[in-house]
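Here is the structure we will look at, set down as structure tokens.
The values are calculated or read from the model by the stated rules, or taken from the named source; none is laboratory data. Remember, predicted model here, so these are calculated numbers, not experimental data. Every residue, glycine as well, gets a Cβ built from its backbone with ideal geometry; the counts of neighbours run over all protein chains shown.
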Amino acid sequence: MVSGGRLSIGFPPQTAWRVAVPTFMSHTRKIEARMTARVYVTMKPTVLDPQGQTIRSALVGLGHASIAAVRQGKYFEITLDPSADRENAQSEIEQIAHDVLANPVIEQYRIEWD
């Protein structure tokens, strides 16, 4: 259809000649190194682990007779903002692990960094 000297194919004139670009090509992303903390929380060795004992019993019942003990725990993977100061981030994650993720009376934790 011709309208006002322009050829139109059913699209408004401002979008008639736009080409669809896939999202991954529409902009370039700056690759930033992110810090990742992995926090492992387990029961202290002196604390009984009834869930671990239940898991062990189930494994033995399934025919895995060589399993002597199981201790279960929790795993947290925390990704920090790339602009965060490493020293402050380590201090903050240490505080979070101690105050929030683990119960220091019965649990121990360790932190690994990437």
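Observations
- Among the residues of segment 68-87, those that are β-branched (Val, Ile, Thr) and either in a loop (DSSP other than H, G, I, E, B) or surrounded by 12 or more Cβ atoms within 10 Å (Cβ to Cβ) (or both) comprise Val70, Ile78.
- Flag if Arg38 is modelled with pLDDT of 95 or more and either within 17 Å of the chain's Cα centre (by Cα) or of a type in the set (Val, Ile, Thr) (or both): yes
- Figure legend. Inter-residue proximity from segment 43-67: first residues in a strand (DSSP E or B), second residues surrounded by 14 or more Cβ atoms within 10 Å (Cβ to Cβ), beta-carbon distance below 6 Å, spacing 6+ or different chains. Indicated pairs: Met43/Asp49; Met43/Glu107.
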